[in-house]
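Here's the structure we're looking at; comments come further down.
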Amino acid sequence: QAVQDHLTTCFESIDKLQFEPDLTISAMLSAEKEVVPFARPIDPRGKPVEHWLSEVERAMRESVRAQITAAIRDYPTRPRTEWVFKWPGQAVLTGSQYHWTMEVEAALRSEGLAGVRAYYEKLVGQLRDLVSLLHQPLNERQRLVMEALIVLDVHARDVVERLVQEECKSPSDFAWFCQMRYYMEEVTGNGNGQIQLPQGMSPGPALYVQMVQSRFPYSYEYLGNTSRLVITPLTDRCYITLMTALQLHMGGSPQGPAGTGKVHLPLER
């Protein structure tokens with residue numbers, strides 16, 4: 001347990017590990033005190049620290065994948081205002097992005113522009129529901145999830161509004177094709193084409209992110225339950241530039257001087 005004080009050096013968002021009385025490790029905790037149970041407990045006894053920390057890394061990815069997959073499958077079974085409090089923050093944000101992608105494409109395929117207009121009204125209603133939840137008594141973890149989800153939902157609403165303005169009628173239209181979209185695919189063996197699971201992970205459902213021709217597997221690194229900066233049109237242009245660069249086996253640095261366009265707006269404003 002002497003490793004506990006140094007965990008954030010190894011894993012940016014794991015603040016502590018949950019040790020049971022028999023010293024098995026059953027969960028990871030973020031700095032915000034969010035608890036994510038491991039899919040399989042880890043027994044570190046009698047192993048060098050670098051060995052069982054490698055097991056922690058694998059357990060982190062498997063557990064985050066299990067939580068996100070379960071959250072995505074649970075989404076249609078209950079009201080969204082109830083669903084957001086049932087799962088860890090990362091699973092809520094990722095699951096919401098996945099279902100937003102699926103719902104926009106379903107609207108485009110079924111009714112074209114008219115479907116997108118109707119879906120825009122649905123997104124506005126979902127935002128109102130989330131804002132109304134903020135007026136209820138919430139603990140710190142729930143409030144962090146809500147604030148981050150509202151930031152993503154506002155961006156999702158703005159994207160759909162632009163689709164209406166540009167008269168997008170098909171999932172293949174560039175106005176939609178250039179957005180960051182989340183998909184899930186069942187991966188067998190070592191991977192399906194470009195979709196490769198991180199080393200050591202078993203075959204099964206795998207998320208990937210796509211933007212224009214760039215496609216990358218979701219790596220399932222635990223991100224904790226943190227706040228999000230507002231997403232501006234400049235953010236979208238940064239996303240598409242960086243993803244295209246990575247697709248071409250190049251790199252990029254999003255770091256820059258403070259005060260150049262990214263602002264964290266309090267929800268009260």
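Nothing in this text is a laboratory measurement; each read-out follows from the coordinates by a stated rule. Computed from a predicted structure; not experimentally measured. Reconstructed Cβ throughout: ideal geometry from the backbone, glycine too, with neighbour counts over all protein chains shown.
What is the list of residues in the range 1-43 whose amide nitrogen lies under 15 Å from a point 7 angstrom out from the Cα of Glu140, following Cα to Cβ? Correct set: 15-16, 29-35.
Global size of the chain: 19.8, 63 Å for Rg and Dmax (C-alpha atoms, Rg to one decimal, Dmax whole). Full extension of the chain between Leu234 and Glu20 yields a length gain of 72.4 nm, computed as 0.36 nm times the residue separation minus the alpha carbon distance. Extending 7 Å from Cα along the Cβ direction at Thr188 and again at Ala118 yields two label points whose distance is 3.6 nm. When you restrict to C-alpha pairs under 8 Å that are six or more residues apart and normalise by the size of the chain, the relative contact order lands at 17 percent. Simple spin-label estimate for Asp173 and Ser132 gives 3.1 nm between the two label positions (7 Å along the Cα-to-Cβ direction from each Cα). Summarising the amide proton neighbourhood of Ala27: residues at separation of 5 or more, or on other chains, whose placed amide H is nearer than 5 Å comprise Gln18, Phe38. Protection proxy ranking, highest mean first, for peptides 36-43, 161-168: 36-43, 161-168, where packing is the per-residue count of other beta-carbon atoms within 10 Å, averaged.
Phi-derived couplings, Karplus 6.51 cos²θ - 1.76 cosθ + 1.60 at θ = phi - 60°, listed residue by residue for the range 203-213: x, x, x, 9, 7, 9, 10, 10, 8, 6, 8 Hz, with x used for Gly and Pro. Remark: the range 81-178 projects, on average over all directions, an area of 6.0 nm² (convex hull of Cα atoms).
Axis of helix 113-133 versus longest Cα principal axis of the chain: the two differ by about 50°, to the nearest ten degrees. When the Cα positions of Trp87, Pro21, Pro171 are compared along the charge dipole of the chain, Pro171 comes out farthest toward the positive end, with charges on each C-beta of Lys, Arg, Asp and Glu. For the chain, adding -39500 (n - 2.57) for each run of n ≥ 4 DSSP H residues and dividing by the number of residues yields -15000 deg cm²/dmol at 222 nm.
Assuming charge only on the beta carbon of Lys and Arg (+1) and of Asp and Glu (-1), the dipole of the chain about its Cα centre is about 240 debye to the nearest 20. When you work out D = kT/(6 pi eta Rh) for the range 106-242 at 20 °C and 1.002 mPa s, using the Kirkwood radius from C-alpha pairs as Rh and the Stokes-Einstein form, the result is 125 µm²/s.
Under 5 Å between amide hydrogens, built in the peptide plane, is the criterion, and for Met201 it picks out nothing among residues at least 5 positions away or on other chains.
Does anyone have the angle between helix 49-74 and the longest principal axis of the chain? Alpha-carbon axes, 0 to 90°, nearest 10? Long axis of 49-74 versus the principal axis of the chain: about 40 degrees. Positive contributions from Lys and Arg (+1) and negative ones from Asp and Glu (-1), summed over other residues with Cβ under 13 Å from the Cβ of Thr81, come out at +1.
Between 0 and 90 degrees, the angle of helix 89-111 with respect to the longest Cα principal axis of the chain falls at about 30 degrees.
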